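Beneath this line is the structure, given in structure tokens, with notes to follow.
Readers should treat all values here as calculations from the given coordinates under stated rules, not as data from a laboratory. Please read these numbers as outputs of a predicted model, since none were measured by experiment. Using ideal geometry, Cβ is built from the backbone for each residue, glycine included, and neighbour counts are taken over all protein chains shown.
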């Protein structure tokens with residue numbers, strides 16, 4: 001009954017907001033996804049040592065979520081966001097194929113219906129400028145899954161000036177659709193945002209959907225010089241990370257200014273979220289003759305991390321809150337309240353149904369979404385979350401959340417003190433959350449949540465997986 005009442009409030013709120021736009025075109029959609037930006041790493045989330053005016057302006061003009069969840073690493077979050085479904089349903093449970101050429105590896109199933117495909121069917125022009133990371137094979141990728149235009153990287157990260165992937169021996173990764181392009185010496189965030197701004201201007205007179213998945217502040221933490229100067233007295237590893245966060249924010253500023261300049265602010269839904277927690281990874285070039293030209297032992301990692309998680313533990317790669325709880329904001333002036341905060345659970349899967357409801361489109365026929373529209377929560381700070389028992393999995397590691405209880409299997413990486421337990425049961429209501437493992441005290445709960453996870457795996461594992469793939 002509480003959920004029904006919340007839905008009625010949301011419906012009344014929307015019906016009051018939409019009449020003025022009833023004769024106008026459908027609203028534009030802009031999704032901004034940052035890369036490895038941690039739980040509290042914006043000024044509006046309490047990190048007062050960071051300069052993030054663009055993100056702060058979104059919070060002032062929209063709704064900011066304090067319990068928004070993505071996934072533990074890049075690939076599954078992108079699947080959640082674009083499909084509104086658990087990533088395992090689309091075969092996203094391990095690292096996706098990187099190089100466009102070469103033997104076919106793991107790619108998101110082509111049968112998955114993306115938000116881009118759904119909006120294009122509704123008459124939207126669609127573009128992706130930035131990082132794909134859902135399978136680089138030429139038979140897959142953005143232009144095969146609903147995007148009219150794509151410019152960016154097909155895999156997970158690059159050095160920002162040479163545009164080379166840096167793990168192992170490396171390879172060049174910069175594409176226009178499936179055509180390799182070369183812009184050596186140009187800063188990649190500058191290239192991708194320029195393309196996004198051009199897309200917005202060229203399509204200002206028609207509904208458009210532009211997805212802008214940044215590759216920063218992900219390592220290598222290469223920031224703009226003026227922001228390195230701003231943080232020069234800050235200690236590492238926060239200093240390098242902070243400069244890259246502010247660099248990211250400055251490119252978000254450019255996107256928002258473009259909407260204002262073209263008079264599109266009031267008719268554009270803007271969603272901002274990070275893909276996972278901050279990184280604590282430490283990497284160096286491991287081979288002589290690396291294809292990027294960088295020497296062996298060159299450091300391109302995250303300097304063991306500089307993120308702020310407050311009372312929460314963990315970082316990217318763990319299922320602790322610091323690995324999966326991320327900043328998220330939505331702005332849409334005719335409908336979304338300004339300067340408000342919501343504490344209810346939302347996930348990256350929720351943007352698909354939320355956006356469809358805002359633009360007046362039905363979900364794709366025959367597709368079962370796992371996400372839920374966030375509009376009842378946006379309209380009412382007291383609305384119940386739509387989620388009950390929740391599941392995450394990456395490779396063989398997994399997590400189940402039921403209320404404040406969290407059961408993790410090999411998911412408590414980055415835990416302060418280095419608890420080696422494979423099974424870790426924590427409670428988020430503790431004054432210092434996730435410091436204590438309750439598994440030995442609550443074997444009944446461990447057994448019940450483990451059984452729930454096993455049932456979930458059976459449900460989300462696709463049948464007839466492509467060659468070279470493996471189930472969760």
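Annotations for the structure displayed:
- The stretch 390-460 shape via C-alpha gyration tensor axes, a/c threshold 1.5: prolate
- For the stretch 154-212, alpha-carbon Rg relative to the globular expectation (2.2 N^0.38 Å, N residues): 1.30
- Mean separation of Cα pairs under 8 Å and 6 or more residues apart, divided by the residue count, gives the chain a relative contact order of 23 percent.
- Alpha-carbon centroid distance for the pair the stretch 377-406 / the stretch 21-53, whole angstrom: 22 Å
- For the stretch 275-376, projected area of the alpha-carbon convex hull averaged over all directions, nm²: 10.8 nm²
- Segment residue 421-residue 458, extension gain: residue separation times 0.36 nm, minus the distance between their alpha carbons: 10.8 nm
- Packing-based ranking, highest mean first, of 35-41, 215-221, 347-353, 437-443 given that Cβ atoms within 10 Å are counted: 35-41, 347-353, 215-221, 437-443
- The chain: antiparallel DSSP beta bridges as a percent of all, rounded to 5: 55 percent
- Of the peptides 24-34, 311-321, 226-236, the ranking by mean beta-carbon count within 10 Å, highest at the top, reads 311-321, 24-34, 226-236.
- Mean Cβ count within 10 Å, highest first, over the residues of peptides 186-199, 150-163: 150-163, 186-199
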